[in-house]
Amino acid sequence: MMRVFGLWGYLFFFLWAIALAIVAQGSKVILVLASATIFSLLFCEDAFREMHRWRFWLLIASALLISPLAIGERDISLLGIWVSREGFWTGLWMALRAITIALAANAFASLVSVAEMAQLLEKVGLKGLGFAIGVALNMLPAIREAAGNNFNAMKLRGGFRRHRFKALKMLFVAIIVNSLQHADQVVDAAEMRAFSVEGCELSPHMGTESLDAEQGESSQGHSYDPIPITLPDLTLIVVLLVVGMAILRF
């Protein structure tokens, strides 16, 4: 899907969704989730990839099942089990907050490149941190794919029929090893293209597959071009601010 907004627009949406998911109380979380869902449907369908995985919904269901048993006074009998009404609503709002933040994080990670994150943070003096965070965000799909492949491979070989705890430890080790190998490949690609923390100029369209960087010519470092705020970015920021205030006042 073609990008409609620039870095500032997607960054503001990411921070906006997290802030409102935390600040919104009670049923207002539903409005925040609805806003994040509409944005993702219009501008980033890849954000819903996580919603197709049963492990994600298992995590959400665990919050809904555990909260009525662990939070508040058990004042309702459900199939002979006493549960807490307060705990149920608390678990529901927690689950909706988690879905909202997951949508925003997936949308941001799929639309913003490593170079843009590096350029943004290095312009404020955090050299190297932007590249590290950008690589980490872009590695999320690779980690999920590696986890799924390793899990299916172990399941087909009967790895979970016996010694399930040992099989889980082996699965975690395999996921970590694959993630480190992918990170090494990204770092090697950066070094081969003369990327350095001390002085580099990053292309705003660079991703993990294309790390184009040039060494700074002066010993005092490189002056980065400013990251422009486009008209669509300003429009999105204004709309999100208006929607956010409307949700909080609802």
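Restricting to region 21-50, name every residue that is under 16 Å from ASN106 (Cβ atoms) and of a type in the set (Gly, Ala, Ser).
ALA21, SER35, ALA36, SER40, ALA47
Any idea which of ILE76, ILE99 is free of Cβ contacts under 8 Å to residues at least 40 places away in the same chain and touching a helix residue (DSSP H, G or I) at 6+ places or on another chain (Cβ under 8 Å)?
Result of the check over ILE76, ILE99: ILE76.
Is there any pair with a first residue in region 163-185 that is in the same structural domain as ALA146 (by TED's automatic domain parsing) and a second that is of a type in the set (Phe, Trp, Tyr) and crowded, with 17+ Cβ neighbours inside 10 Å whose Cβ atoms are under 7 Å apart and which are 6 or more apart or on different chains, and what are they?
Listed pairs, sorted by first residue: LEU171/PHE151.
Among the residues of region 16-27, is there at least one that is over 24 Å from PHE250 (Cβ atoms), assigned to a helix (DSSP H, G or I) and not aromatic (Phe, Trp, Tyr)?
no
Please list, ordered by first then second residue, the pairs with beta carbon atoms under 9 Å, 6 or more apart or interchain, first in region 3-20 and within 12 Å of ALA107 (Cβ to Cβ), second basic (Lys, Arg).
As it stands, the answer is TYR10/ARG3, since those pairs meet every condition given.
Here are some conditions: (1) without any contact (Cβ under 8 Å) to a residue 12 or more places away in the chain; (2) closer than 30 Å to GLY9 by Cβ. LEU58 meets all but one. Which one does it not meet?
For LEU58, the failing item is (2).
Okay, residues lined up against (1) within 30 Å of GLY6 (Cβ to Cβ); (2) in a strand (DSSP E or B); (3) in contact with a Ser or Thr (Cβ under 8 Å, 6 or more places away or on another chain); (4) of a type outside the set (Phe, Trp, Tyr):
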site	(1), (2), (3), (4)
SER40	yes, no, no, yes
PHE56	yes, no, no, no
ASP75	no, yes, yes, yes
GLU86	no, no, no, yes
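At pLDDT 85 or above and either surrounded by 17 or more Cβ atoms within 10 Å (Cβ to Cβ) or outside the structural domain of ILE30 (by TED's automatic domain parsing) (or both) - does that describe any residue in region 109-132?
No, region 109-132 contains no residue that is at pLDDT 85 or above and either surrounded by 17 or more Cβ atoms within 10 Å (Cβ to Cβ) or outside the structural domain of ILE30 (by TED's automatic domain parsing) (or both).
Any residue in region 55-70 that is surrounded by 17 or more Cβ atoms within 10 Å (Cβ to Cβ) and touching a Pro at 6+ places or on another chain (Cβ under 8 Å)?
No - not one qualifying residue is present in region 55-70.
Collect the residues in region 42-54 that are surrounded by 12 or more Cβ atoms within 10 Å (Cβ to Cβ) and of a type in the set (A, V, I, L, M, F, W, C), keeping them in residue-number order.
PHE43, CYS44, ALA47, PHE48, MET51
For ALA246, which of the numbered conditions (1) modelled with pLDDT under 75; (2) more than 24 Å from LEU111 (Cα to Cα); (3) not β-branched (Val, Ile, Thr) fails to hold?
Result: ALA246 passes all but (1).
Residue by residue through region 6-62, note down the ones that are at pLDDT 90 or above, hydroxyl-bearing (Ser, Thr, Tyr) and under 17 Å from VAL238 (Cβ atoms).
SER35
The values are calculated or read from the model by the stated rules, or taken from the named source; none is laboratory data. Computed from a predicted model, the values in this text were never measured in an experiment. Neighbour counts run over all protein chains shown; Cβ positions are idealised from the backbone, glycine included.
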